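Take a look at the structure below.
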Amino acid sequence: MTSSALKRRAREARDWMIESCFPLWGKEGSAGHGLFREALDMTHRPVEADSTRVRVQARQTYLFCLAQDYGWDRDRAERLVQMGVNALKGACLRSDGLAGRILATDGSGLTDARADLYDTAFVLYALANAARRGQEAALPAAHAILKSVDTMLADTAHGGYAEMLPRGSQRLQNPHMHLLEACHALHAAEPEGAHLKRAGAIVDLFASKMLDPDTHTLGEYFRPDWSAETGEAHDVVEPGHQFEWVWLLQRHAALTGEDLNPAMVHLYDFGLRTLDEEGRAFTGAKRDGSVCDHSRRTWMQTEALKAHLAMLELDRDDEAHDRRAVQCFDVLMDEYLTPEGGWIDKFDEDGHVATESMPASTGYHVVLAFDELIRVTGV
């Protein structure tokens, strides 16, 4: 049974999004020329920049999709989502239909047109969410991008997709993880599509190639044929991504009706071993669970929160999951999020603030985790 303490946190999360986050980024987060700003400064004012990442356009589009759901200034939220969709199906794309990486803020187009699976996955994720909120152009745009992904990025020899063009010397789990997330979102927008089939192939790749069979931990880097890397590229893993896959595997089972992947429990247990007494998540750990990089960022805390919630949803009688979720939320509110709706994105290993700005891209992590908190608690 969900505790009253966690339900109070869910109400606090809702209030923070509606009263602080959405108004701040709705006012200060638009850069003109139909684009979202890359960042605000630590006083919550715009940072002027010549460029902005494509992933920021996608993530902010998603943020305002949620703003619509929560009833924040519906007309304004809808206009911002429309603005995002226009950029995602237009200026953010290369001529071959894949997403580029960086846009000029003056509206002149891509300044870094290298194809990137990570950015493409987020464009798909945002378009799927926009389609669910009534943006009619979003789903056809997603279909066209998926066709380009299959034509240009699919690795028929080894599985998965090329992470970039030209193809790199290493394979990466992170872009595939977010493509899985995009497939889940596309399924929600188009249940009759084949999106769960694509998602299932990524989960199979995770189980057969990305997951270390000896330690049951998730690697970040692999050789071109998905065989294990050596040295630090193999030995160091990211606790935040272990937690993120816990949530994704639970979600995948819920959507498909399949049994839970047993790796979920191993990843969660490993992640727990890397947390400090207050429940903070850190940047890097060895395969034995010892933390080797004590710097920390906002997104790692949100992924820990989502993992605690995924475990709680599976077993609501386990008070430990509830307690960990409360603890993680309190860390976020006390140390990372500002009353004005912004965030401190990074702390160094000594616990000092290690950033001079508030990257807009962090908002996706926060509002997604808070939306999950509200959904799981039912407030």
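Determine the percent antiparallel among the DSSP beta bridges restricted to the chain, to the nearest 5.
Numbers: 28 of 28 bridges.
Approximately 100 percent, going by the DSSP bridge assignments.
Put +1 on the Cβ of each Lys and Arg and -1 on the Cβ of each Asp and Glu in the chain; which of 266, 252, 107 then has its Cα farthest toward the positive end of the dipole?
Of 266, 252, 107, it is 107.
With a bin width of 5 angstrom, please list the P(r) values of region 326-379 as percents of all Cα-Cα pairs, from the 0 bin to the one holding the largest distance.
Over region 326-379, the share of Cα pairs per 5 Å bin runs 4, 17, 25, 27, 16, 6, 4, 1 percent.
I'm a student and want to see the number: the projected area of the Cα convex hull of region 262-322, averaged over all directions, in nm².
Value for region 262-322: 4.3 nm².
Filter 209/286; 7/286; 197/286 down to the pairs with a C-alpha to C-alpha distance above 30 Å, please.
Working: 209/286 19 Å; 7/286 35 Å; 197/286 33 Å.
Where the Cα-Cα span goes over 30 Å, the pairs concerned are 7/286; 197/286.
Under a point-charge model restricted to the Cβ atoms of Lys and Arg (+1) and Asp and Glu (-1), what is the dipole moment magnitude of region 1-46 relative to its Cα centre, in debye to the nearest 20?
For this selection, approximately 280 debye.
Enumerate the calculated ³J(HN,Hα) couplings along region 166-175 in order (Karplus 6.51 cos²θ - 1.76 cosθ + 1.60, θ = phi - 60°), each rounded to whole Hz, writing x wherever the residue is Gly or Pro.
Using θ = phi - 60°, the values come out as x, 5, x, 8, 10, 9, 10, 6, 4, x Hz.
So, R0 is 30 Å and r is the distance between the beta-carbons of residue 43 and residue 150; what FRET efficiency does that work out to, to 0.05? Show your work: numbers first, answer last.
On the way: r = 45 Å, r/R0 = 1.51.
Efficiency at R0 = 30 Å is approximately 0.10.
Take residue 228 and residue 73, extend 7 Å from each Cα along the Cα→Cβ direction, and tell me the distance between the two endpoints in nm.
Between residue 228 and residue 73, the label points sit 5.2 nm apart.
Would you calculate, for the chain, the mean residue ellipticity at 222 nm contributed by helices, counting each DSSP H stretch of 4 or more residues as -39,500 (n - 2.57) and dividing by all residues, to the nearest 500?
On the way: 14 runs with 190 residues, N = 379.
Dividing the helical sum by the residues of the chain leaves -16000 deg cm²/dmol.
Looking at the square roots a ≥ b ≥ c of the eigenvalues of the Cα gyration tensor of the chain, which shape do they give, rounded for a/c under 1.5, prolate if a/b is larger than b/c, or oblate? Write out the running numbers ahead of the final one.
On the way: a/c = 1.35, a/b = 1.05, b/c = 1.28.
Because its axes are fairly even, with a/c under 1.5, the chain counts as rounded.
Spelling out what I want: for every residue of region 132-143, take phi, set θ = phi - 60°, compute 6.51 cos²θ - 1.76 cosθ + 1.60 (Karplus), and round to whole Hz; glycine and proline get x.
So the J values, rounded to whole Hz, are 5, 9, x, 7, 5, 7, 5, 5, x, 5, 5, 4.
Which of 26, 193, 284 moves the most in a Gaussian network model of the chain with Cα springs under 10 Å?
Residue with maximal mean-square fluctuation among 26, 193, 284: 193.
Heavy atoms only, 1.4 Å probe, whole protein assembly: order 311, 1, 210 by accessible area, highest first. Walk me through the numbers before you get to the answer.
On the way: 311 25, 1 170, 210 0 Å².
Solvent-accessible surface, decreasing: 1, 311, 210.
Positive end of the dipole of the chain, charges at C-beta (+1 Lys, Arg; -1 Asp, Glu), about the Cα centre: which of 60, 128, 236 has its Cα farthest in that direction?
With unit charges placed on the Cβ atoms, the residue in question is 128.
May I ask you to list the aspartates and glutamates whose Cα is less than 12 Å away from that of residue 147, ignoring any residue fewer than eight positions away on the same chain?
By straight Cα distance, residue 147 reaches 96.
Net charge around residue 377, counting only other residues with Cβ within less than 9 Å of its Cβ (Lys, Arg = +1; Asp, Glu = -1)?
Values: positive: 7, 9, 11, 375; negative: none.
Charge balance near residue 377 sits at +4.
Tell me, in nm to one decimal, what length is gained between residue 294 and residue 12 on full extension, where the rule is 0.36 nm per residue of separation less the Cα-Cα distance?
On the way: separation 282, 0.36 × 282 = 101.52 nm, distance 2.83 nm.
Working it through step by step, the gained length comes to 98.7 nm.
In debye to the nearest 20, how big a dipole does the chain give about its Cα centre with +1 on each Lys and Arg Cβ and -1 on each Asp and Glu Cβ? Let's see the in-between values first.
Numbers: 40 positive and 60 negative charges, 233 e Å.
Its charge dipole is roughly 1120 debye.
If I take every Cα pair under 8 Å that is 6 or more residues apart in the chain, average their sequence separation and divide by the length, what percent do I get for the relative contact order? Don't skip to the end; give the middle numbers.
Values: 679 pairs, mean separation 70.4, N = 379.
19 percent.
The values are calculated or read from the model by the stated rules, or taken from the named source; none is laboratory data. Model, not experiment: these values are computed from the prediction. Positions of Cβ are backbone-derived with ideal geometry, glycine not excepted, and every protein chain shown enters the neighbour counts. Protein only, heavy atoms only, side chains kept; ligands, DNA and RNA dropped before computing areas. Shrake-Rupley method; radii C 1.70, N 1.55, O 1.52, S 1.80 Å.
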